[in-house]
Amino acid sequence: MSEPVRRFNPHEEPDQVPAGPGRPREREYRQKVIDAALRLIDAEKPVTINALVKESGVSRAAIYRRWSSVTLLIAEALDIGRPAYEVDVSGDPKEVMKNILFDRSDQAREAYTQRRFRKRVEIVMIDRDVQMAYWHKHVSKRRQAEAKALQSGIDRGLLRADLNIEAALDALNGIFYYQVITRGVSNYEPDVIARCEDAFDLVWRGMEA
C-alpha cells in the first residue's frame, strides 16, 4: 500500500508535547526518530514513514503525534547542529554578525559537518516542500537574530537608515553559500575563510552610515 502524501503547509505547526520531568519517553521517542531520520539521510536513503518506523522502532502513530508531516520531521532533522535562534545583539553589530556567520570552531565543525551541509542543500533543492518547511520553521527564525543585530546598528546610527535588512542578510549569507555550492570548496579552508571575510567587509562598508 502506498503511503499517504502529506503536503507542507507553511502555517502548519508540528505537534508539541511538553518535555518536562514527567515526559522522559517523549524526549526519548523524539530523539530516536530524529536520529533515525539522520541515519537515513546520511545513508542517502528515502526518509519515509515506513523507513522511520523500521529504523527508529517508534510506531507510525507515535511519529505522527509528534510531527504532523514527514516533511516537517525532515526539516527538523536537517537543522540539528545548526546555531541557536537567539544571540546577544547588545554588542557591536558588525562583530555580532561576524560571530554568527564565521563560527568555524571545532565544536561547530563536529556538530554540523560539510557533508551534512551538502546533503541538506541537495535535499532542499530536490524537494521544494522540504525547502519551504526548512525556511519557515528554522532558517527564518535564525535570521531574526541576524535582523536584530542589523536593526540595532540602524538604531544606533552605525548603519544606513534606508538599509533593506532582508536584502542585506541575503547578501551576507550568500557569501558562504556561493563558496560551497558554486565554487565547490569548504568553508573551513583558511583561504576560503579569508576570502569570505574580505567579501563580508566589502558588503558591510556598503551598509555603513
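Summing Cβ point charges (Lys, Arg +1; Asp, Glu -1) relative to the Cα centre of segment 24-78 gives a dipole of roughly 260 debye. Specify whether the C-alpha gyration tensor of segment 48-87 places it in the rounded, prolate or oblate class, a ≥ b ≥ c being the square roots of the eigenvalues: rounded for a/c under 1.5, otherwise prolate if a/b is larger than b/c and oblate if not. Prolate is the answer for segment 48-87, as a/c is 1.5 or above and a/b outweighs b/c. Our estimate of slack between residue 119 and residue 61, defined as 0.36 nm per intervening residue step minus the Cα-Cα distance, is 18.1 nm. Averaging 1/r across all pairs of distinct Cα atoms in segment 24-78 and inverting the result yields a Kirkwood radius of 10.8 Å.
Counting pairs of Cα atoms in segment 134-208, how many percent are more than 17 Å apart? Walk me through the numbers on the way to the answer.
Numbers: 1427 of 2775 pairs.
When every Cα pair of segment 134-208 is considered, 51 percent fall beyond 17 Å.
Measuring between alpha carbons in the structure, the pairs from 32/54; 94/137; 98/148; 45/137; 54/137 lying more than 20 angstrom apart are 94/137; 45/137; 54/137. With 0.36 nm allotted per residue and the present C-alpha distance subtracted, the residue 197-residue 138 stretch has 18.7 nm of extension available.
Read-outs: derived from the displayed coordinates by stated rules, not from any lab. Source: prediction; values computed, not measured. Here the Cβ is made from the backbone with ideal geometry for all residues, glycine too, and neighbour counts use every protein chain on show.
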